[in-house]
1. Tell me, what HN-Hα J-couplings in whole Hz come from the Karplus equation 6.51 cos²θ - 1.76 cosθ + 1.60 at θ = phi - 60° for each residue of the stretch 82-87, using x for Gly and Pro?
2. Where does helix 109-120 land angle-wise versus the long Cα axis of the chain, in degrees 0 to 90, nearest 10?
3. As a test of the formula, what do you get for the chain when each DSSP H run with n ≥ 4 contributes -39,500 (n - 2.57) and the sum is divided by the residue count, at 222 nm and rounded to the nearest 500 deg cm²/dmol?
4. Taking the Cβ of each residue in W73, W102 as the centre, tally the other Cβ atoms inside 10 Å and list the residues starting with the fewest.
5. Taking 2.2 N^0.38 Å as the expected size of a compact globular protein, what ratio does the Cα radius of gyration of the chain give against it, to two decimals?
6. For the chain, give the share of DSSP beta bridges that are antiparallel, in percent and rounded to the nearest 5; count only bridges with both residues there.
7. Using Cα pairs under 8 angstrom and six or more residues apart, how large is the relative contact order of the chain, in percent?
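Every number here is computed from the coordinates shown, using simple stated rules; none is lab data. Remember, predicted model here, so these are calculated numbers, not experimental data. Cβ placement follows ideal geometry from the backbone for every residue including glycine, while neighbour counts extend to all protein chains displayed.
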Amino acid sequence: MRRIRSKDTRPEMTVRKLVWRMGWRYRLHRHDLPGRPDLVFSSRHRVIFVHGCFWHSHLCHRTHVPRSNQSYWIPKLERNRERDRSNLRKLRTEGWSVLVIWECEVTDLKLVESKLQTFFN
Ligand SMILES: [Zn+2]
C-alpha cells in the first residue's frame, strides 16, 4: 500500500496522549476502514484522523506547493485531497462520525481538547 504519511508522527502522538488522558480508549490504524483512521473508537462509532497540513492540503500557512517540480506536486496533492474526500464519504456512509485534527491545530492543546469534547459529547 502506498504510504502518504509516516506512522507515529508527533502531532498524532500528542493527540493520542491527550485522548488517553481524557479517558477515551481507542485502536490504531484499523486496516479495514477507509483511509485507515489514526484513532478508532469502535463502540462509539467514531474515528479521528490527524492530518499533516502539507500532505492533506489544509488551507493554512503551512501549506504551499513546492516551487520546483510543480507538475509532480500539484496532481499528487490533488489526488490526496480526492482520496481524503472519498474516504470521509465512505466512512460517513458506513455510519462513522469523523473528526479531522490538523497538524497546525496541535500546537494549541486547548483547542484540540475542546474539539475532542465536542466530538465525544
Ligand atoms: Zn494547517
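1. Ordered by residue, 3J(HN,Hα) equals 5, 4, 4, 4, 5, 5 Hz.
2. For 109-120 against the chain, the angle is about 60 degrees.
3. Values: 3 runs with 48 residues, N = 121.
That calculation yields -13000 deg cm²/dmol at 222 nm.
4. Details: W73 15, W102 20.
Sorted ascending by nearby Cβ count, the order is W73, W102.
5. On the way: Rg = 14.7 Å, N = 121, 2.2 N^0.38 = 13.6 Å.
So the chain has a normalised radius of gyration of 1.08.
6. Values: 5 of 11 bridges.
Around 45 percent of the beta bridges assigned by DSSP in the chain are antiparallel ones.
7. On the way: 125 pairs, mean separation 31.7, N = 121.
Answer for the chain is 26 percent.
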